[in-house]
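**Q** One structure, pasted below without further comment.
The values are calculated or read from the model by the stated rules, or taken from the named source; none is laboratory data. Predicted model only: the values in this text are computed from it and were never measured. Methodologically, a virtual Cβ is constructed for each residue, glycine included, from the backbone with ideal geometry; neighbour enumeration extends over all protein chains shown. Just the protein is used for accessible areas: all its heavy atoms, side chains included, with ligands, DNA and RNA removed. Shrake-Rupley method; radii C 1.70, N 1.55, O 1.52, S 1.80 Å.
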Amino acid sequence: MSEPSVVLLTGNQRRHRWVARRLASDLRLVGVVSEGKFSPAEPPPGEDRDVVARHFQERDEAEQRLLGDPRPLPLERVLGITHGAVNSPEVFEWVTSRAPDFLVLYGTSIVKPPLLAAFDGRIVNLHLGLSPYYRGSGTNFWALVDGRPECVGATLHLAVEKVDAGPILCQVRPEAAPADRIHELGTRTLTAAAAVLPEALRRFARGELEPRPQTPGRGSLCRRQDFDADAVRRAWHNLESGMIAEYLANREERNRACPIVELPGKP
């Protein structure tokens, strides 16, 4: 196979535009499905609301510093949809009309049949989390809440019906710095994953990368509804207590305790 063609199914925020731009520069990106933002319920007025607002403000500031302001791709390459419409007949028709070799998922709603069936074995999910240790929503955040920065990372895996459970192509950890907070680590994880994804996809397309099945029943399933101000406070407390510096001082030992599937021959 020559350079594989790809349709990206993603969100519509800065980090999603950045990934689309990065893949467009490194792969034959033939289309992007851009899904609208999910709007969670706000906490009641008071300290909790202030904590959650600061958490997301820090995310925006970190992404601005590390990702810049990526321009959207030309409209003829993008299908904009509302949140939750990724499994609609309109999306299925639009994606299949582009006849991509692969679909790449990042930050979109859970993909189900008929897309999942039509591209079985050809859908790669960029999951910001290290499966099977953490699966679901906001997984790198919960690793920091639990005091486990060695479990911050990204997993490139084949999409299956069970959440974040498909066979793994490869995984990465970010290059952490002692002063990093939640969103610096999260953004560094994203850029590390986007850097290896094109080569992983090429090797998989050529039959040079064998997906590794995950062990069922392992790890934690993280749920969007469990996120709250108390969880943010616990993560902040861990960071302010020197969690990252302690991890870096013992990085090799802690990483060995949570092994990952690295891309063979990665520098």
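**Q** Could you work out the relative contact order of the chain, using alpha carbon pairs under 8 angstrom and six or more residues apart, expressed as a whole percent?
**A** Relative contact order of the chain: 21 percent.
**Q** Rolling a 1.4 angstrom probe over the protein heavy atoms, how many square angstrom per residue are accessible across the chain?
**A** So the chain comes to 48 Å² accessible per residue, rounded to a whole number.
**Q** Among the DSSP beta bridges whose two residues both lie in the chain, what percent are antiparallel, rounded to the nearest 5?
**A** Roughly 30 percent of the DSSP beta bridges within the chain come out antiparallel.
**Q** Normalised by the number of residues in the stretch 166-267, what is the relative contact order in percent for Cα pairs under 8 Å and 6+ residues apart?
**A** 49
**Q** Within the stretch 95-136, find all residues whose amide N lies under 12 Å from a label point positioned 7 Å from the Cα of Leu221 along Cα-to-beta-carbon.
**A** 135-136
**Q** Now a separate question. Any idea how far apart Glu210 and Ala179 come out in nm if each label point goes 7 Å out from Cα toward Cβ?
**A** The modelled label-to-label distance comes out at 4.6 nm.
**Q** Write down the Å³ per residue value for the convex hull defined by the alpha carbon atoms of the stretch 108-267.
**A** Taking only Cα atoms, the stretch 108-267 has a hull volume of 114 Å³ per residue.
**Q** Something else about it: Where the only charges are on Cβ atoms (+1 Lys, Arg; -1 Asp, Glu), what is the dipole of the stretch 75-120 about its Cα centre, to the nearest 20 debye?
**A** Rounded to the nearest 20 debye, it is 100 debye.
**Q** Could you work out how far the C-alpha centroid of the stretch 91-132 sits from that of the stretch 142-188, in angstrom?
**A** 20
**Q** Is the shape of the stretch 96-200 best called rounded, prolate or oblate, per the rule: a/c under 1.5 gives rounded, else a/b larger than b/c gives prolate, else oblate, with a ≥ b ≥ c the square roots of the Cα gyration tensor eigenvalues?
**A** prolate
**Q** Please get the size of the charge dipole for the stretch 113-243, origin at its Cα centre, with Cβ charges of +1 on Lys and Arg and -1 on Asp and Glu, quoted in debye to the nearest 20.
**A** The dipole of the stretch 113-243 has a size of about 220 debye.
**Q** Go through 204-211, 31-38, 246-253 and give me the packing order, highest mean Cβ count within 10 Å leading.
**A** Going by the mean number of other Cβ atoms within 10 Å, highest first, we get 31-38, 204-211, 246-253.
**Q** Quick one: with all protein chains in place, what share of the accessible area of the chain is carbon or sulfur, to the nearest percent (1.4 Å probe)?
**A** Summing carbon and sulfur atoms, their accessible area is 50 percent of the total for the chain.
**Q** Divide, for the stretch 68-136, the radius of gyration over alpha carbons by 2.2 N^0.38 Å, where N is the residue count.
**A** Dividing the Cα radius of gyration by 2.2 N^0.38 Å gives 1.23.
**Q** Hey, what angle do you get for helix 182-205 against the long axis of the chain, alpha-carbon based, 0 to 90 degrees rounded to 10?
**A** On a 0 to 90 degree scale, this one is about 30.
**Q** How far is it, in nm, from the label point at Ser97 to the one at Glu199 when both lie 7 Å from their Cα along the line to the Cβ?
**A** Output for this residue pair reads 3.7 nm.
**Q** Given just the C-alpha atoms of the stretch 1-95, how large is their convex hull per residue in cubic angstrom?
**A** For the stretch 1-95, the hull spanned by Cα atoms encloses 119 Å³ per residue.
**Q** When ranked by the protection proxy of mean other Cβ atoms within 10 Å per residue, highest first, what sequence do the peptides 53-64, 14-25 form?
**A** Averaged packing, sorted descending, gives the order 14-25, 53-64.
**Q** While we're looking at this one, here's another question. Taking just the C-alpha trace of the stretch 134-188, give me its Rg and Dmax in Å.
**A** My reading of the Cα-based Rg and Dmax gives 12.0, 38 Å.
**Q** Sketch the reach of a paramagnetic label on Arg234 as a point 7 Å from Cα along Cα-to-Cβ, and name the residues of the stretch 171-192 whose backbone nitrogen lies under 15 Å away.
**A** Backbone N within reach: none found.
**Q** Taking the convex hull of the Cα atoms, report for the chain its projected area averaged over all directions, in nm².
**A** Quarter of the Cα hull surface area: 14.1 nm².
**Q** Tell me which of Gly153, Ser97, Cys222 sits at the most positive position along the dipole axis of the chain, charges placed on C-beta atoms (Lys, Arg +1; Asp, Glu -1).
**A** Ser97
**Q** Size of the dipole of the chain about the Cα centre, Lys and Arg at +1 and Asp and Glu at -1 on the beta carbon, nothing else charged, in debye to 20?
**A** About 500 debye.
**Q** Shifting gears a bit: Defining a contact as two alpha carbons under 8 Å apart and six or more residues distant in sequence, what relative contact order in percent does the stretch 94-136 show?
**A** Reported relative contact order: 43 percent.
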